[in-house]
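All of the numbers you see were taken from the coordinates with simple rules; none came from a lab. Note that the coordinates shown come from a computational prediction; the quantities given were computed from them, not determined experimentally. No Cβ is skipped: glycine too gets one built from the backbone with ideal geometry, and neighbour counts run over all protein chains shown.
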Amino acid sequence: MNLKGTRITVHDMSLRDGMHPKRHQITIEQMQSIAQGMDAAGVPLIEVTHGDGLGGASVNYGFPAASDEEYLRAVIPLMKQAKVSALLLPGIGTVDHLRMAADCGVTTIRVATHCTEADVSEQHISLGRKMGLDTVGFLMMAHMIEPQQLVEQALLMESYGANCLYATDSAGYMLPDDVTARIGLLREKLKPETEIGFHGHHNLSMGISNSLAAIEAGARRIDCACGGMGAGAGNTPMEVFIAVCNRMGIETGVDLFKISDVAEDLVTPILDFPVRIDRNSLTLGYAGVYSSFLLFAKRAEAKYGVSAREILLELGRRKMVGGQEDMIEDAAITMARERGIQAKTAA
Amino acid sequence: MSKIKCAIIGPGNIGTDLLYKLRRSTLLEPVWMVGVDPTSEGLARARELGLKTTDKGVDGLVPHVKADGVQIAFDATSAYVHKDNSDKLNALGVMMIDLTPAAIGPYCVPPINLKAHAGKREMNVNMVTCGGQATIPMVYAVSRVQKVKYAEIVATVASKSVGPGTRKNIDEFTRTTSGAVASVGGADVGKAIIVINPAEPPLIMRDTIHCLTAEAPKQKEIEASVRDMLAEVQKYVPGYRLKNGPVFDGLRVTTYMEVEGLGDFLPKYAGNLDIMTAAATRTAEMFAEEMMSGRLQLEPAA
């Protein structure tokens with residue numbers, strides 16, 4: 001694989017996807033110090049939002065330590081070179097949230113839908129573009145459909161005004177060939193000026209390999225997270241990816257030693273548990289289940305006595321999509337009842 | 001005694017499903033189907049079922065309202081044209097049941113406030129959203145027992161049951177439902193989330209209702225209240241089922257619902273659409289009872 005001289009943009013997820021393993025409890029001060037570290041390391045784009053996007057503060061996904069607006073207003077003014085993005089899932093967040101984020105100074109809005117439902121994003125993408133934002137269409141759980149179908153959905157988002165389209169491996173299920181097929185076809189069918197991006201999860205340890213496959217197939221934006229942050233077993237690990245890019249001559253503009261210090265000194269100390277591949281995050285990648293279901297399944301295991309792995313497999317069997325966190329407790333209760341397990345009394 | 005005559009505006013999926021339900025009603029008789037497209041399948045279907053039809057919109061219906069004795073109209077078109085439709089028909093003394101997200105009249109969720117609306121002779125009531133009809137009764141089931149500081153609903157619907165109108169303006173669903181979860185459901189603050197799932201075969205509508213109570217939840221009373229409410233909704237949506245819960249977890253009270261439709265015109269998985277047409281039918285029947293008893297006489301708007 002010769003990618004020498006290829007320039008790419010790495011987009012950091014530590015402060016958005018990384019909110020999942022932190023149960024959205026990253027403090028303002030932690031956000032500020034991690035973002036400043038990344039800014040100094042040369043990370044060009046940093047996402048700051050509730051793990052489930054703008055407006056994600058809820059019983060269903062978890063109430064965060066601070067509001068989206070508080071986080072954005074705290075981080076953005078401190079950035080010397082890095083730009084800040086926000087994520088929005090239509091159905092959870094609305095154009096009101098988008099306007100708020102733009103007012104806070106985000107330069108990029110990423111509008112995320114399940115990979116087959118791009119047409120719910122029209123009002124958000126067209127507004128983002130109208131406001132002059134870098135507007136990204138983010139097609140989640142992209143492993144669930146064939147490359148041709150993914151292209152059809154991406155074309156819709158492009159037609160609404162998205163200037164960058166992502167194939168998002170929310171479950172960390174894809175293998176490099178799956179990435180090549182999807183990114184390759186997106187590159188072929190979308191306008192040449194439309195950027196292509198890839199968002200990986202490390203559940204099968206494929207974060208780096210998949211990201212390289214994506215670059216080879218034409219992607220120029222790659223999502224990563226410092227210190228193994230991110231839902232499931234984390235996103236593509238930033239510092240490792242930068243090291244690999246350096247070795248291969250892929251230009252990221254990020255300083256390897258500085259970013260590995262951010263990972264080691266700022267991110268690792270705030271983790272509540274090591275974000276890594278264990279039997280449950282492995283199950284996400286193996287069965288193709290939305291990565292942020294992980295902690296919910298573990299909590300349901302503790303409360304209802306059905307193993308998280310079995311709950312995750314059941315959710316995969318039922319073809320649950322991103323956002324259906326409510327169905328985790330529902331599935332656990334049903335499974336416990338069918339097995340005659342007495343639920344532990346509520347904590 | 002003769003039935004109360006009704007017109008349906010909008011011969012699409014919702015309008016046609018409504019037509020099937022009205023034909024079964026002992027109180028209501030659908031007589032007009034109003035569309036804008038002469039080649040509409042929905043209009044043709046209505047004609048086959050013996051209704052008068054027009055492809056000239058509400059203006060095509062207006063000259064016939066008096067002669068045909070139309071007293072109730074259902075609007076299953078879009079928020080953009082609803083006010084115009086409602087004004088024209090209200091002026092002739094026709095009461096309007098609004099299935100669009102326009103919401104110019106008060107929200108109506110039958111087991112909670114239908115009686116109050118009928119008593120107040122409202123000329124326009126709005127049926128909120130599908131997610132609202134499926135969840136607000138359960139918010140109310142908790143809030144009538146004790147104070148609910150926050151209620152949040154998650155409606156998950158089959159991709160095939162979500163039409164282009166909803167998709168183009170999904171924020172309207174979120175906003176309208178959140179508002180009604182608070183104002184009709186009785187929570188201090190409301191939030192609504194909608195998830196669209198493309199699984200095949202299509203999943204039956206699922207709804208999760210989380211309430212955060214101010215004080216420790218009164219479990220026995222809430223359980224009884226939820227059971228009673230379930231029975232109330234089942235009177236017009238037999239496929240409204242409590243799958244799990246109420247779950248009590250600290251101050252959180254969660255009920256997990258499933259809504260299976262009757263499968264009249266729309267498939268059974270589309271419980272989200274069925275509960276709208278069923279609630280609208282239920283609403284019209286309540287107004288019809290009031291009209292037939294003479295307690296309610298609708299008069300042309302001044």
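Structure notes:
- Across peptide A:118-127, the mean count of Cβ atoms from other chains lying within 10 Å of each residue's own Cβ comes to 3.
- Leading residue at positive end of dipole, the protein assembly as shown (Cβ point charges), from B:103, A:18, B:139: B:139
- Dipole of the protein assembly as shown [Lys/Arg +1, Asp/Glu -1 at C-beta], most positive-end residue of B:292, A:233, A:217: B:292
- Hz values of 3J(HN,Hα) by residue in segment A:220-229 - Karplus curve (6.51, -1.76, 1.60), Gly and Pro given as x: 10, 10, 10, 7, 9, 9, 6, x, x, 5
- The ranking of B:193, A:242, A:250 by Cβ neighbour count inside 10 Å, starting from the fewest, reads A:250, A:242, B:193.
- About the Cα centre, charge dipole magnitude for chain B (Lys/Arg +1, Asp/Glu -1 at Cβ), debye: 360 debye
- Estimated vicinal HN-Hα couplings, Hz - segment B:147-156 in sequence order (Karplus 6.51, -1.76, 1.60; Gly, Pro = x): 4, 10, 7, 8, 10, 9, 10, 10, 9, 10
- Cα principal axis extents for the protein assembly as shown, largest first, Å: 86, 56, 42
- 23 Å Cα-Cα threshold exceeded, pairs from B:5/B:52; A:130/A:191; B:88/B:268; B:52/B:115; B:21/B:83: B:88/B:268; B:52/B:115; B:21/B:83
- Overall form of chain A: rounded. Here a/c, set by the Cα gyration tensor axes a ≥ b ≥ c, is under 1.5.
- In plain terms, the chain from residue B:37 to residue B:299 could stretch by 91.2 nm, reckoned as 0.36 nm per residue minus the Cα-Cα distance.
- Three-way shape label, segment B:89-247, alpha-carbon gyration tensor, a/c 1.5: oblate
- Cα-based shape type of segment B:3-101, given that a ≥ b ≥ c are square roots of the gyration tensor eigenvalues and the cut on a/c is 1.5: rounded
- Think of the protein assembly as shown as having a plus end and a minus end, set by charges on the Cβ of Lys, Arg, Asp and Glu; of B:212, A:296, B:266, B:266 sits farthest toward the positive end of this dipole.
- Amide H contacts under 5 Å for residue B:192, placed H, 5+ residues apart: B:153, B:178
- Counting neighbouring beta carbons within 10 Å and listing from fewest to most, the residues A:179, A:306 come out as A:306, A:179.
- Exposure proxy ranking, count of Cβ atoms within 10 Å, fewest first, for A:12, A:326: A:326, A:12
- Mean separation of Cα contacts under 8 Å (6+ apart) over length of segment A:197-347, as relative contact order %: 20 percent
- Within 10 Å of the Cβ of each residue in A:330-338, the mean number of Cβ atoms contributed by other protein chains is 3.
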